[in-house]
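Okay, so here's the structure we're looking at.
The values are calculated or read from the model by the stated rules, or taken from the named source; none is laboratory data. Quantities reported herein were computed from a predicted structural model and do not represent experimental measurements. Here the Cβ positions follow ideal geometry from the backbone for every residue, glycine too, while neighbour counts run over all protein chains shown. Surface accessibility is based on the protein's heavy atoms, side chains included, excluding ligands, DNA and RNA. Shrake-Rupley method; radii C 1.70, N 1.55, O 1.52, S 1.80 Å.
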Amino acid sequence: MTRLPTNLHRLAAIACLLAAASAPARAADAALQVLHWWTSASERRAADVLARRLADEGIEWRDAAIPGGAGLGAAKVLRSRVLAQNAPEVNQIIGVSIREWAEMGLLLELDAVAANGQWANALFPTIHTLVRQRGHVVAAPLGIHRINTLHFNRAVFSRLGLAPPATWAEFEQIAPRLQAAGVQPLAQSSEPWQVATLFENLVLADGGAALYHELFVRHSVQALADPRLAQALLRLRGLKRWMGRPVQEQPWPELVRQLARGEAAMLVMGDWAKGELSDPRAGAADTDFGCITAPGTARYHLYSVDTLTMLAGDYQHSAAQATLARLIASPAVQAEYNLVKGSVTVRRDADPARMDICARQSWTAFGQAGAQQVPSLVHRMATDEASKDAIVAEVHRFFSNDEATPADAQRRLAAVFRALRSRTPQ
Ligand code: BGC
């Protein structure tokens, strides 16, 4: 259990971290509670990779997994445990949330670990920026997920002689043929974050990265009047035709199973779905299921980066926390973990030849020319937790109520944006 830091403890911690950056943890530090939201089978396997590597160093991974895709439950549990002075030592805090927690002075600085591991050179620049706050490294990066991914069942497509769609217009051409063959064209849950995941893909496809940024990073009220936003809203509504009727609230691994059984042909979901579809080590990721960029988004890499942060606490666990951070970014753990998780390594020095097709495309697009990086709204890369929740709720409200018009949604979002902008320095 971790208590909140005092300034006196900080000096001691820096000395401790310098010593711990490359040395194994002392016996007294030999257990870490880890709060995260990896509860599907493949997510579990990926967490187990980390737990095993930590055990090799004599440190026990005490698992505190909180179910709930995209970490809605985990974020709430973390807040209440911090308030109760009972916070886990390690937490899955990602994206803009890292900044929020670091600003409160709650995150352990990992500068010595990062310097020893040469993170400044080894990591993609976007990742190196993401894990730092006010010049200090405060998070350990695990992997990069691509949110603009269309997963498809190869057997269904080849049986019907169809090719996966590169645009939403192509999608509309093949969807009736899938439906006529008794296959649901698009797997989709009504869970708000899953609806918003589809929606952020549609905004990117219909509006491009500049409009996306104005809306989800800057919360620009003017951008809400852009007709391309109305178009994306209408497209979201229109796609309901190709989903289950009614669209049910289901956890994302259930949608993956529908795709795997061939009941549904396609799924727009982050590439953690690939980890779940098959054991990528067996190569099925490339043979039974395909993944391409979501329609209309080939030019973009809509990303979410997983990170673990260490709560500063009373610094009793600093050595063990530093060891975990060091392991996480090491080439060996990066390769092993990301293969199972469906994400790609945060390191620039990886070998793409060892990746499946989907991962190779994602890693290459993220790191090299050819695709523009776009931060995911739903996965906290674009804005803070409260703003994200407010926007996701409005998108979900529009999706659920067929009577609501795009103008209604734009009006409601304008009220949300005004409230958000009044508290955010521009
Ligand atoms: C995380 C992934 C996780 C997914 C589904 C995302 O926010 O980055 O690691 O697999 O949520 O829960």
key: Evaluation of residue 350 against (1) free of Cβ contacts under 8 Å to residues at least 40 places away in the same chain; (2) within 20 Å of residue 272 (Cβ to Cβ); (3) assigned to a helix (DSSP H, G or I) (one fails), failing number   = (3)
query = Can you pull out the residues in the range 316-342 that are crowded, with 23+ Cβ neighbours inside 10 Å and within 20 Å of the chain's Cα centre (by Cα)?
reply = 325, 328, 329, 334, 337, 338, 339, 341, 342
Selection count, the range 284-323, where residues are within 16 Å of the ligand (Cβ to nearest atom) and in a strand (DSSP E or B) = 10
key: Unmet requirement for residue 33, which otherwise passes all of (1) assigned to a loop (DSSP other than H, G, I, E, B); (2) of a type outside the set (Lys, Arg); (3) away from the ligand (no atom under 16 Å from the Cβ)   = (1)
request  = Just one of (1) surrounded by fewer than 17 Cβ atoms within 10 Å (Cβ to Cβ); (2) over 21 Å from the mean Cα position of the chain (by Cα) trips up residue 251, so point out which.
outcome  = (2)
key: Check on residue 364, assigned to a helix (DSSP H, G or I), more than 16 Å from the ligand (Cβ to nearest atom) and touching a Gly at 6+ places or on another chain (Cβ under 8 Å)   = yes
query = Only one of 345, 293, 287 is open to solvent by 20 Å² or more (accessible area, probe 1.4 Å) and under 21 Å from the mean Cα position of the chain (by Cα); which?
reply = 293
Tally, over the range 305-314, of residues that are over 20 Å from residue 49 (Cα atoms) and surrounded by 24 or more Cβ atoms within 10 Å (Cβ to Cβ) = 2
